[in-house]
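Each remark here refers to the structure printed beneath this line.
The values are calculated or read from the model by the stated rules, or taken from the named source; none is laboratory data. Since the structure is predicted, the reported quantities are computational estimates derived from the model, not experimental observations. Cβ: placed from backbone, ideal geometry, glycine included. Neighbour counts: every protein chain shown.
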Amino acid sequence: MSKVNGTIRRAVRGDLQALVALEALFPGDRLSAASFHHLLARGHADLWVYELAGEIRADAVVLYRRRSKRARLYSLITHPDYRACGCAGQLLALAENAAHQRGCTQIGLEVRADNDIARGLYERRGYRPCKLLAGFYDDGASALRMEKSLTNLRSAKAVAGNEASHRQHVTIPPGSS
Ligand SMILES: CC(C)(COP(=O)(O)OP(=O)(O)OC[C@H]1O[C@@H](n2cnc3c(N)ncnc32)[C@H](O)[C@@H]1OP(=O)(O)O)[C@@H](O)C(=O)NCCC(=O)NCCS
């Protein structure tokens, strides 16, 4: 195991290809290039990327609606070679803080009911299951809706406009850096 520097920053248009490539690694419902383009151009969304050695290895997408204090974690993905290194946990913490700073009091998400790793990640960070959604995904799989209150969230030291300061060491499995 070796340590490298990882950086979380907001996604920009130049990241579109890398974001689509990351999505393409996973089966099931995916965010298309057109969707990313829309979100980056004028969507009410925060898109975060986790960069290691100049490559995007994880991303998180949070959607907002006008007049709603509920944010929606729409996507959270880590490249298979960089799993269990803390990328998703750190992205999630930053995404929650960004939503909190926008005035949201709650963040919700849908996760495949059989996705034990993701469910565990969310549960350990305070997300609670609130509804089972049968046949939610294109392949007929069910989703679990989970919610977390943001009212007691501690504000991050820096979020919008200062993502470059979010440098941290993460542990990378052998042979993957
Ligand atoms: C779910 C996912 C985003 C987690 O990403 P990650 O970068 O590996 O997550 P982290 O390294 O931050 O680890 C988060 C937690 O999951 C645990 N974890 C990660 N991979 C694990 C594995 N293979 N087996 C068991 N636990 C694992 C970590 O130990 C950590 O535990 P903690 O809550 O005690 O800190 C990643 O597995 C993934 O991209 N899966 C496919 C897409 C997906 O399912 N996204 C979620 C959709 S809602």
* Spans of helices (runs of 4 or more DSSP H) in the range 1-104 with at least 2 residues within 13 Å of the ligand (Cβ to nearest atom) and under 20 Å from Leu121 (Cα atoms) -> 16-24, 87-101
* Could you check, for the range 111-128, whether at least one of its residues is assigned to a loop (DSSP other than H, G, I, E, B) and either polar (S, T, N, Q) or more than 12 Å from the ligand (Cβ to nearest atom) (or both)? => yes
* Asked: Can you tell me which residues in the range 40-63 are within 14 Å of the chain's Cα centre (by Cα) and within 19 Å of Cys104 (Cα to Cα)?
  -> Ala45, Asp46, Leu47, Trp48, Ala60, Val61, Val62, Leu63
* Structure fact -> Taking first residues from the range 131-148 that are more than 12 Å from Ala113 (Cβ to Cβ) and second residues anywhere that are part of a loop (DSSP other than H, G, I, E, B), the pairs with Cβ under 6 Å that are 6 or more apart or on different chains are Asp138/Asp29; Lys148/Gly126; Lys148/Tyr127
* Asked: How many of the residues in the range 48-59 are modelled with pLDDT of 95 or more and either farther than 13 Å from Ala18 by Cα or touching a Cys at 6+ places or on another chain (Cβ under 7 Å) (or both)?
  -> 3
